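To start, the structure itself, in structure tokens.
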Amino acid sequence: MTSAQLQHDTLSQLNASVARSSIESEDFGVGILHLGIGAFHRAHQAVYIQAALEACLGDWGIIGVSFRSPKIRDQLAYQDQYYSVITHSNKDQKASLISVLKDVLFAKENPTAVVQAIADPRIKVITLTITEKGYHQDPATGKLQVEDPEIIQDLNIENPAQTALGYIVRGLDERRRNCGKPITLLSCDNLPKNGHTLLRLIQDFCECAAPDLLPWIAKNVSCPCTMVDGIVPAATQKSLKQAEKLLGVRDEAAVTCEEFRQWVIEDDFATEHPDWKAAGVELVADVRPYEEMKLRLLNGCHSALAYLGYLGGYQTIAEVMSNHAYKAFAWRLICEEAGPSFALPNGYILEEQAELLISRFSNPGLAHRTGQICMDGSQKLPQRLLNSLYSQLERNRSMPCTLLAVAAWIMYVSGTDEQGNLIDVSDPLAEELATLHGEGNLNAEQIAQNFLSLETIFGPKATQPKNLADLLVSSLSELRSVGAKASVTKFTNRESMLSSERSTE
């Protein structure tokens, strides 16, 4: 018998074990606009905002904006904006009902509605999860990619917006003209100094398209930096079936995530905001140590395991971590390479972070596909792996795990795996990256030189470590010769193995 679908009228059919909020949607108005309403936002920021509302009721309901597809808008509309979060620990699963969403807009269908939402005086905070590529930032210069076709289209303010930045600038201009009220923009993407980056790109955009808006932005717009952490795999038919079993009803918008969740925000708001602290959000003066910890340890190791795992034939990160060699590799990358490249936040101990991350990666309930993590690597590589690599090589430190991870990314974007199967490379530079491998007849030195010439990723030659080319050639040669699994196995030593095994006890 098919279960009823989640809606207001079927809430009574939810299993008794489902966690329900103490408040209903009609108890509060809107106050937050979220750009990029994918699974991560629904499993992370929305959960925090619901907890804040439960602690201190206020008008902090969320209007979401989808840029890619009307699918999530239609799913949530049919479900009266209800959805569930299925949390997997290493031991069990729990289901929670989320009721903080008020509406979802599909930008391409009604761009004017998105601009008007940004200008709406009820909206005090805008949050963003638009992925690294959604910012249209030149990684080499940090500036707006003004020659990008979508940005060129958006710089003509008379045109309907195509990009998140285009919508934001049009909305801020409308806000200035109408209510004039200040607003806080919270980037929740994995970018270094994400808030400051967002503000700089908005300013770059305005300098080209709306210079008269800049003085108003300087006085009325705040872009605090943030760090968000939590693993949220893409939904699958299997995860939706698991959600139905836990809920007692079907939820086409259910999201699956791990138990761990963290949100750190720079305490620099232009507006009032929800009771973040009551919800477990950390408000700090400086987000940078938390940001570096997330990018270099979790994201860096996650990407390394994804590329080397994908090439090794593994479909999920949990499967990768079932191989003790990969687990030992992760321990060494975190503790001996990435960890010593920056200063941890006060009170954090590197070995404890390594144990926590390895336990999180090993979670059998999270079918986080390696292919999903491999996406858009050209936008992620600098902050996740290259920053650690460059700083440590300049200090004459050994970085074999990180170098192997970079080499694995290079092999992955060739478009062919170790068995000769085609890889569907999802990356804004996919075509260009594939050509750097030639027709398959280039040696490791030629391939390395081709990739190191990409200044948008690796920076100008003058800023690259002097021995980078030779080291990368060595890692590429080994990977091409013996494959990912054998290359990873060489990092398994008794000390690393014992450390990684302790992390799962």
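Toward the positive end of the charge dipole of the range 189-239, with +1 on the Cβ of Lys and Arg and -1 on the Cβ of Asp and Glu, the farthest Cα among I231, N194, C208 is that of I231.
When the charge dipole of the chain is built from unit charges on Cβ atoms (+1 for Lys and Arg, -1 for Asp and Glu) and taken about the Cα centre, the candidate among P121, S322, S481 whose Cα reaches farthest toward its positive end is S322. In a DSSP loop and with at most 13 other Cβ atoms within 10 Å, the GluC sites (Glu not before Pro) in the range 25-110 are E109. Each residue, S89 and R288, gets one label point 7 Å from its Cα in the Cβ direction; the gap between the two is 3.7 nm. Full extension of the chain segment joining S3 with S25 gains 5.5 nm, where the gain is 0.36 nm per residue of separation less the Cα-Cα distance. The charge dipole of the chain, taken about its Cα centre with unit charges on the Cβ atoms of Lys, Arg (+1), Asp and Glu (-1) only, comes to about 580 debye. Using only Cα atoms, locate the centre of the range 1-31 and the centre of the range 334-384, then give the distance between them in Å, rounded to an integer. Taking the Cα centre of each part, the range 1-31 and the range 334-384 sit 35 Å apart. Near T127, the amide H atoms lying under 5 Å from its own belong to L33, H34, L35, L186; only residues 5 or more places off or on other chains count, and H is placed 1.01 Å from N.
Above 14 Å lies some portion of the pair distances; for the range 397-451, what is it as a whole percent of all C-alpha pairs?
Details: 837 of 1485 pairs.
Here the tail beyond 14 Å accounts for 56 percent of pairs.
Just add up the charged neighbours of E259: K/R +1, D/E -1, any other residue whose Cβ is under 13 Å from the Cβ of E259. Before the final figure, lay out the partial values.
Numbers: positive: K91, K94, R261, R360; negative: D92, D229, E258.
After counting each charged neighbour, the total is +1.
Approximating the spin labels as points 7 Å out from Cα along Cα→Cβ, the K245-to-D268 distance works out to 4.8 nm. Determine which lysines satisfy two conditions relative to K461: a Cα distance under 28 Å, and not lying fewer than 8 residues away in the same chain. The reachable lysines, counting only those whose Cα sits under 28 Å from K461, are K133, K143, K193, K294, K380. Taken over the chain, the ratio of Cα radius of gyration to 2.2 N^0.38 Å equals 0.98. Kindly provide the pair-distance distribution of the range 28-156 built from C-alpha pairs, with 5 Å bins from 0 and whole-percent values in order of increasing distance. Over the range 28-156, the share of Cα pairs per 5 Å bin runs 2, 9, 17, 20, 19, 13, 9, 6, 3, 1, 0 percent. Residues within the reach of a label modelled at Q153 (point 7 angstrom out along Cα to beta-carbon, backbone nitrogen below 20 Å), restricted to the range 45-76, are 65-71. With contacts taken as Cα pairs under 8 Å and at least 6 residues apart, the range 32-172 reaches a relative contact order of 26 percent.
Would you mind putting 36-47, 234-245 in packing order, based on average other-beta-carbon counts within 10 Å, highest first? Write out the running numbers ahead of the final one.
On the way: 36-47: 23.3, 234-245: 15.5.
For the peptides 36-47, 234-245, the packing ranking is 36-47, 234-245.
Listed peptides 420-427, 449-456 appear in the order 449-456, 420-427 once ranked by packing, highest mean of other Cβ atoms within 10 Å at the front.
For the range 28-35, the Karplus equation 6.51 cos²θ - 1.76 cosθ + 1.60, evaluated at θ = phi - 60°, returns couplings of 8, x, 8, x, 10, 10, 10, 9 Hz by residue, with Gly and Pro reported as x. Toward the positive end of the charge dipole of the chain, with +1 on the Cβ of Lys and Arg and -1 on the Cβ of Asp and Glu, the farthest Cα among W60, L404, W331 is that of W331.
Suppose a student asked you for the relative contact order of the chain, using Cα pairs under 8 Å spaced at least 6 residues apart; what percent would you report? Over the chain, the number comes to 15 percent.
Sequence-ordered 3J(HN,Hα) estimates for the range 450-458 from the Karplus curve with 6.51, -1.76 and 1.60 and θ = phi - 60° stand at 4, 6, 5, 7, 7, 5, 5, 10, 9 Hz, glycine and proline given as x.
Which FRET efficiency value, to the nearest 0.05, do you get for T112 and K181 by plugging their Cβ-Cβ distance into 1/(1 + (r/R0)^6) with R0 = 30 Å? Using R0 = 30 Å, I get an efficiency of 0.95. Rolling a 1.4 Å probe over the heavy atoms of the protein chains gives the chain an accessible area of 41 Å² per residue.
Run the helix sum for the chain: -39,500 (n - 2.57) per DSSP H stretch of 4+ residues, divided by residue count, reported at 222 nm to the nearest 500 deg cm²/dmol. Walk me through the numbers on the way to the answer.
Working: 24 runs with 211 residues, N = 505.
Roughly -11500 deg cm²/dmol at 222 nm, from the helical runs in the chain.
The values are calculated or read from the model by the stated rules, or taken from the named source; none is laboratory data. Fair warning: this is a prediction, and the values are worked out from it, not measured in the lab. Note that we place each Cβ from the backbone using ideal geometry, even for glycine, and neighbour counts take in every protein chain shown. Accessible surface is based on the protein model in full, side chains and every heavy atom, while ligands, DNA and RNA are left aside. Shrake-Rupley method; radii C 1.70, N 1.55, O 1.52, S 1.80 Å.
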